[in-house]
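In what follows, a structure is listed as structure tokens, so that the remarks can point back to it.
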Amino acid sequence: MSSGTVICWVLPFTKTILESNYSEKEFPSKEWAQGRFYGEEFNNILREFVVDLLTQMGNRTVAPSLSSHWKIIYDDNIGHASTWSERHAAYAAGLGTFSLTDGLITEHGMAMRVGSVITELVLEPSPIPYKGIYGNCLHYNSNTCGVCIRRCPAGAISLNGHNKDLCFEYTCKKVVPAVNEAYGVTMPSCGLCQTRVPCEKSIPRLSKINHE
Ligand code: SF4
Ligand code: SF4
């Protein structure tokens, strides 16, 4: 049996990008839309760089989300899902937990991009600093907050969690045409539930709840 390592990283959005989204109520700001687009372009370059580096060191390595095998699938039971989830890999690697929005709350918050590669190189695993899949979200660990519910223009977040179908419908059918026309960005991005919320740039504490 062969062995290896999944290497994951987190790239937080800057304070300027976060704050540009604070006053938005329907569509993302220009900075958020472009940060999402170019941030992912940068993330892809980083994936390729890490793959090349580890391959040159003699370890077969792949970036799953750049693989031709990667695709989005639809299942009646789980809705839209991908064949490799960067967020699930990061959760398993100890970088953060899920939340009411389905976003990953990391040490650097939920407003970020995640990336990963799978390599034959064997590295010491990082510690897992949390208990449970929702450990960093105030809704689940303290039965409070819910600020993200009010931030969602699509009504896709409730106390029952994140409705992926409603979110997908809103971001693909409303956000994409709007940000394409306004900023020339063609990537689904909304991010309102990731900004102006207590978990945007760190693991939230009860004292930081921002009741709008
Ligand atoms: S805003 Fe509050 S309830 Fe929503 S994901 Fe963040 S910590 Fe959880
Ligand atoms: S990304 Fe936008 S539409 Fe989707 S849950 Fe967050 S705020 Fe709602």
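Here, each number is a calculation from the coordinates, and none is a lab measurement. As the structure is a prediction and not an experimental result, all values here were calculated from the model. When we count neighbours, we look across all protein chains shown, and the Cβ atoms used for this are built from the backbone with ideal geometry, even at glycine.
Give me the extension gain from residue 57 to residue 26: residue separation times 0.36 nm, minus the current Cα-Cα distance, reported in nm with one decimal.
Stretched out fully, the residue 57 to residue 26 stretch lengthens by 6.4 nm.
Measure nothing but the geometry: give the 0 to 90° angle between the long axis through the Cα atoms of 30-56 and the longest principal axis through the Cα atoms of the chain, rounded to 10°.
With both axes taken from Cα atoms, the answer is about 10 degrees.
Specify which residue in the list 62, 138, 155 is farthest towards the positive end of the charge dipole of the chain, using unit charges on the beta carbon of Lys, Arg (+1) and Asp, Glu (-1), about the Cα centre.
Sorting the options by dipole projection puts first 138.
Which order, highest average first, do 15-25, 170-180 follow once you tally other Cβ atoms within 10 Å for each residue and take the mean per peptide?
Top of the packing list down: 170-180, 15-25.
If you bin the C-alpha pair distances of the stretch 1-124 every 5 Å from 0, what whole percents do you get?
Here the calculated profile for the stretch 1-124 is 2, 10, 16, 20, 21, 15, 10, 4, 2, 1, 0.
Do the sum for the chain: with -39,500 (n - 2.57) for every DSSP H run of n ≥ 4, divided by all residues, what is the mean residue ellipticity at 222 nm, to the nearest 500 deg cm²/dmol?
Counting only the DSSP helices, I get -9000 deg cm²/dmol.
What size of dipole, in debye to the nearest 20, comes out for the stretch 10-82 about its Cα centre when the only charges are +1 on Lys and Arg C-beta atoms and -1 on Asp and Glu C-beta atoms?
Here the stretch 10-82 has a charge dipole of around 160 debye.
Using the Cα centre of the chain as the reference point, and only Cβ charges (+1 on K/R, -1 on D/E), how large is the resulting charge dipole? Debye, rounded to the nearest 20.
I would put it at about 460 debye.
From the phi angles alone, apply the Karplus equation (6.51, -1.76, 1.60; θ = phi - 60°) to the stretch 121-129 and give each ³J(HN,Hα) in whole Hz, x where the residue is Gly or Pro.
Values per residue, Gly and Pro as x: 4, 9, 10, 5, x, 6, x, 9, x Hz.
Order 28-41, 190-203 from most to least packed using the mean count of other Cβ atoms within 10 Å.
190-203, 28-41
When Rg is the radius of gyration of the Cα atoms in the chain and Rh is its Kirkwood radius, what does Rg/Rh come to?
0.97
Going by a ≥ b ≥ c, the root eigenvalues of the Cα gyration tensor, does the stretch 22-92 fall in the rounded group (a/c under 1.5), the prolate group (a/b larger than b/c) or the oblate group?
It comes out oblate by the Cα gyration axes.
Taking amide H positions as placed 1.01 Å from N in the peptide plane, with prolines and chain starts having none, which residues 5 or more places from residue 203, or on another chain, fall under 5 Å of its amide H?
Under 5 Å from the amide H of residue 203: 109.
Under a crude label model (7 Å from the Cα following the beta-carbon direction), how far is residue 38 from residue 172 in nanometres?
2.8
Could you calculate the FRET efficiency of residue 181 with residue 120 from 1/(1 + (r/R0)^6), where r is the beta carbon distance between them and R0 is 45 Å, rounded to 0.05?
According to the calculation, E is roughly 0.50.
Residue by residue through the stretch 173-189, which ³J(HN,Hα) values in whole Hz follow from phi under the Karplus form 6.51 cos²θ - 1.76 cosθ + 1.60 (θ = phi - 60°), with glycine and proline marked x?
8, 10, 5, 4, x, 5, 6, 5, 5, 7, 10, x, 9, 10, 9, x, 7
Length gain on complete extension for the stretch residue 15 to residue 165, per 0.36 nm per residue less the alpha carbon to alpha carbon distance?
Taking 0.36 nm per residue and subtracting the Cα distance, the gain is 51.1 nm.
Short version: ³J(HN,Hα) in whole Hz for each residue of the stretch 11-22, in order, from phi by Karplus 6.51 cos²θ - 1.76 cosθ + 1.60 (θ = phi - 60°), x for Gly and Pro, what are they?
My calculation for the stretch 11-22 gives 10, x, 5, 6, 4, 4, 5, 4, 5, 5, 8, 4 Hz in order.
One quarter of the convex hull surface, Cα atoms only: what value does that give for the stretch 105-212 in nm²?
9.2
What size of dipole, in debye to the nearest 20, comes out for the stretch 34-155 about its Cα centre when the only charges are +1 on Lys and Arg C-beta atoms and -1 on Asp and Glu C-beta atoms?
Using Cβ point charges on Lys, Arg, Asp and Glu, the stretch 34-155 gives about 360 debye.
Please report the relative contact order for the chain, taking Cα pairs under 8 Å with a sequence separation of at least 6, and give it as a percent rounded to a whole number.
29
Rounded to whole Å, give me the distance from the Cα center of the stretch 83-131 to that of the stretch 154-188.
Rounded to whole Å, the Cα centres lie 23 Å apart.
Could you tell me the center-to-center distance, by alpha carbons, between the stretch 134-151 and the stretch 22-78 in angstrom?
26
So, in nm, how far is label residue 205 from label residue 74 when the simple model puts each one 7 Å beyond its Cα toward the Cβ?
4.5
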